[in-house]
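Only one structure is covered here, and it is reproduced in the block below.
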Amino acid sequence: QRLLVIRRSQFVSAPGRLCFPGGAIELGESEPVALARELQEELAVAIEPRQRLWHSLTPWNVALAWWSAAMSPDAQLIPNPHEVAEVHWLTITQLRESPDLLESNHDFLDAWERREFVIGESECEL
């Protein structure tokens, strides 16, 4: 199973690092609405948020919510160059082997490998 990952542009914090797409929730937004907006802003793609899989807190006290989402199998991902340098579909092994993966993403992968949640097999997942 491959996961949608972006390489952050040189114009944002943690430039050049790999991470899952997403971002901050704006005032009045729900997590699913924020996820859909962020994917539209970063990759010009419409998604359907499916399930909140997991949550975590970074060492610098930022709360993260990890979601699965579906998109059309023929969706074209168009990176916003101000936010995204590259787009990749990578396996967990490939992510683990990358020295560029943001540290907070390792916690999510750890939870996945401990089977703290399950992602549906039949959907195109983020």
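The values are calculated or read from the model by the stated rules, or taken from the named source; none is laboratory data. Since the model is a prediction, treat every value here as computed from it, not as a measurement. Cβ coordinates were reconstructed from backbone atoms using ideal geometry, including for glycine residues, and neighbour counts include every protein chain displayed.
Within the stretch 84-97, track down each residue that is part of a strand (DSSP E or B) and β-branched (Val, Ile, Thr). Please lay out each step first, then the result.
Step one: of the stretch 84-97, the residues part of a strand (DSSP E or B) are 84-90.
84, 87 - these are the residues of the stretch 84-97 that are part of a strand (DSSP E or B) and β-branched (Val, Ile, Thr).
Does residue 69 fit the bill of being modelled with pLDDT of 95 or more and either surrounded by fewer than 15 Cβ atoms within 10 Å (Cβ to Cβ) or not in a strand (DSSP E or B) (or both)?
Judged against the criteria, residue 69 is not a match.
Across the stretch 5-33, which residue is surrounded by the fewest Cβ atoms within 10 Å (Cβ to Cβ) among those that are under 28 Å from residue 99 (Cα atoms) and of a type in the set (A, V, I, L, M)?
Top of the filtered list is 24.
To keep it simple, each residue is scored yes or no on (1) aliphatic (A, V, I, L, M); (2) at pLDDT below 95.
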{"site": "9", "(1), (2)": "no, no"}
{"site": "13", "(1), (2)": "no, yes"}
{"site": "16", "(1), (2)": "no, no"}
{"site": "20", "(1), (2)": "no, no"}
{"site": "31", "(1), (2)": "no, no"}
{"site": "44", "(1), (2)": "yes, no"}
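Results for (1) assigned to a loop (DSSP other than H, G, I, E, B); (2) in contact with a Pro (Cβ under 9 Å, 6 or more places away or on another chain), shown as yes or no for each residue.
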residue: 6; (1), (2): no, yes
residue: 10; (1), (2): yes, no
residue: 13; (1), (2): yes, no
residue: 23; (1), (2): yes, no
residue: 36; (1), (2): no, yes
residue: 42; (1), (2): no, yes
residue: 56; (1), (2): no, no
residue: 64; (1), (2): no, no
residue: 82; (1), (2): yes, no
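One residue is enough: does the stretch 85-96 have a residue meeting the conditions touching a residue at least 60 places away in the same chain (Cβ under 8 Å), touching a Ser or Thr at 6+ places or on another chain (Cβ under 8 Å) and closer than 17 Å to residue 14 by Cα?
Within the stretch 85-96, one or more residues are touching a residue at least 60 places away in the same chain (Cβ under 8 Å), touching a Ser or Thr at 6+ places or on another chain (Cβ under 8 Å) and closer than 17 Å to residue 14 by Cα.
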